[in-house]
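A short worksheet on the structure shown next.
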Amino acid sequence: MNIDPARFLKDLHTLREFGAAGVGKGVVRPAYSGADVAARAWLADRIRDAGLRVEMDAMGNLFGLADAPSLLLGSHSDSQPEGGWLDGALGVIAALEVARASRAAGGPAISVVSFQDEEGRFGVTTGSAVWSGHLDQATADTLSDHTGAKLGDAREAMDALVTGSVDPAQFTGFIELHIEQGPTLDTSGEQIGVVSDIVGIRDMKITFDGQQNHAGTTPMHLRRDAFQAVSAFNAKLATRFRNVVTPTTVWTIGHLSLHPNASSIVPGRAVFSMQWRDGDADRLARMETIIRELAEEMAQARSMSVHFGQMLGLEPVQMDTRLRTALEQGAQSVAPDNWRLMPSGALHDATNVSRLMPVAMLFVPSIGGISHAFEEDTDEADLVAGVQVLARAVSAL
Ligand code: HGY
Ligand code: MN
Ligand code: MN
């Protein structure tokens, strides 16, 4: 099959315009936002033009279906609150390009998908979590974003495009092309990464409740300052993790809100996101125990209370050997000895889809290792190499 690099890059740049923001090629296209809905409507047209049947499920997962049985390719087209033009979008447009090229060449039946809310505005890879049965719709509808908006309300923005559920049984497997989003390939100078496994993740909100008070008249030793509890928790966490974590284990407090968030008021409440990732499920569990115990300890030491929100998580997953081998052969033919087998520190929809069918992933480099930022970018030659590896692997399968 013949990939058309100009057509592929043109669609990629067109998708970037939906929610284009900031300097360079940044996008702001959160799940169910106006830009996301418009982008999915445009994608539906492109999918139709490619001769595929357009379907969208209640979560807003957008599919382009070939006659069954077909191989499913794709990723997600929603972005982080400040995102790059390639995270997710690359895999969706690459899937479309391979589907078109395969159809034109009378090749294998290829279906495409753009999952919804992979970036977890409401949870963790929410769209594919619901589609794969990892999360039920009723529970998903109760999830809220940092503004308090509920997923159940937000997804009504897609109603006009929703056609009904899409049966996973029609697919023989799933392959996702994605940017690496880290420094490995950018540092090594290799063009392609074939993914061996995807890390697991845990994510929950933790709330400390103390006593709101006057910032001038309240002596330091009498304060029950919720921010100080977070600060002490974070300072001790690295030490408590020391004998459990490895150099590739990561943990992040990425969101913190103080109430009432005023400079002359001792904050009585602090809510923060506690997220941790590792390739070993047992290590994730041991870290959870440390996190809960340390948070309780900090609360008691300050006569405060601590509350743990619902914990969301995904288990580490190995890529399917047969699909991964096809990607390795594709990589070797497109980028001879210029590729590597590597784990994914980022989460992907492939983790959820692996519950239903064999999955595999491949990466192209991120310039400077930057992602989840407006500066996210990849050389166009590497983007084209990625879609060519995908096409070779599909042909081999
Ligand atoms: O956070 C992640 O790993 C994914 O990019 N949402
Ligand atoms: Mn992504
Ligand atoms: Mn992402």
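List of remarks:
- The chain - mean residue ellipticity at 222 nm from DSSP helices (-39,500 (n - 2.57) per run, n ≥ 4, rounded to 500): -10500 deg cm²/dmol
- Prolate/oblate/rounded label for segment 350-397 (Cα gyration tensor, a/c 1.5): oblate
- Highest to lowest packing among 276-288, 243-255, 165-177, 86-98, scored as the average C-beta count within 10 Å: 86-98, 165-177, 276-288, 243-255
- The angle between the Cα long axis of helix 5-16 and the longest principal axis of the Cα atoms of the chain comes to about 30 degrees, rounded to the nearest 10.
- The chain: most fluctuating residue of Thr147, Thr139, Thr378 per GNM, C-alpha cutoff 10 Å: Thr147
- Spin-label zone in segment 241-257 - amide nitrogen under 15 Å from a point set 7 Å from the Cα of Asp282 along the C-beta vector: 244-246
- Relative contact order of the chain, pairs being alpha-carbon contacts under 8 Å that are 6 or more residues apart, as %: 23 percent
- Ser165 versus Thr14: modelled label distance in nm, points set 7 Å from Cα along the beta carbon direction: 3.3 nm
- Rounded to the nearest 20, the size of the Cβ-charge dipole of segment 1-104 about its Cα centre is 240 debye, with Lys and Arg at +1 and Asp and Glu at -1.
- Segment 305-376: GluC sites (Glu not before Pro) in DSSP loop, at most 11 other beta carbons within 10 Å: none
- Peptide ranges 115-123, 47-55, 234-242 listed from the most packed, as the mean C-beta count within 10 angstrom indicates: 115-123, 47-55, 234-242
- Neighbour net charge for Ala154 - beta-carbon separation under 14 angstrom, K R +1, D E -1: -4
- For Thr218, neighbours were defined as the other residues whose beta-carbon sits under 12 Å from its Cβ, and their charges (Lys and Arg +1, Asp and Glu -1) total +1.
- Cα long-axis angle, helix 380-396 against the chain (0 to 90 degrees, to the nearest 10): 60 degrees
- Centre separation in Å (Cα based) which lies between segment 284-338 and segment 48-83: 26 Å
- Crossing angle, helix 89-104 versus the chain [Cα axis fit, 0-90 degrees, rounded to tens]: 20 degrees
- In segment 172-221, taking the dipole from charged Cβ atoms about the Cα centre, the farthest positive-side position among Leu177, Ser196, Ile206 is held by Ile206.
- Accessible carbon and sulfur surface of the chain relative to its total accessible area, %, 1.4 Å: 50 percent
- Cβ-derived FRET efficiency at R0 56 Å, Glu293 paired with Ala6, nearest 0.05: 0.50
- In the full protein context, the chain carries 40 Å² of accessible surface per residue, based on a 1.4 Å probe and ignoring ligands, DNA and RNA.
- Shape class of segment 1-97 from the alpha-carbon gyration tensor: oblate, with a/c at 1.5 or above and b/c at least as large as a/b.
- Taking 7 Å steps out from each Cα toward its Cβ at Thr325 and Glu156 produces label points 5.2 nm apart.
- Using C-alpha pairs under 8 Å with a sequence gap of at least 6, the mean separation divided by the residue count of segment 142-294 gives a relative contact order of 26 percent.
- Selected from Val353, Thr147, Val389, residue furthest toward positive end of dipole (the chain; charges at beta carbon): Thr147
- Three-way shape label, the chain, alpha-carbon gyration tensor, a/c 1.5: prolate
The values are calculated or read from the model by the stated rules, or taken from the named source; none is laboratory data. This structure is a prediction, so every number in the text was calculated from the model and none was measured. Counting neighbours? That spans all protein chains shown, and the Cβs are built from the backbone with ideal geometry, glycine included. Only protein heavy atoms, including side chains, enter the accessible area calculation; ligands, DNA and RNA are left aside. Shrake-Rupley method; radii C 1.70, N 1.55, O 1.52, S 1.80 Å.
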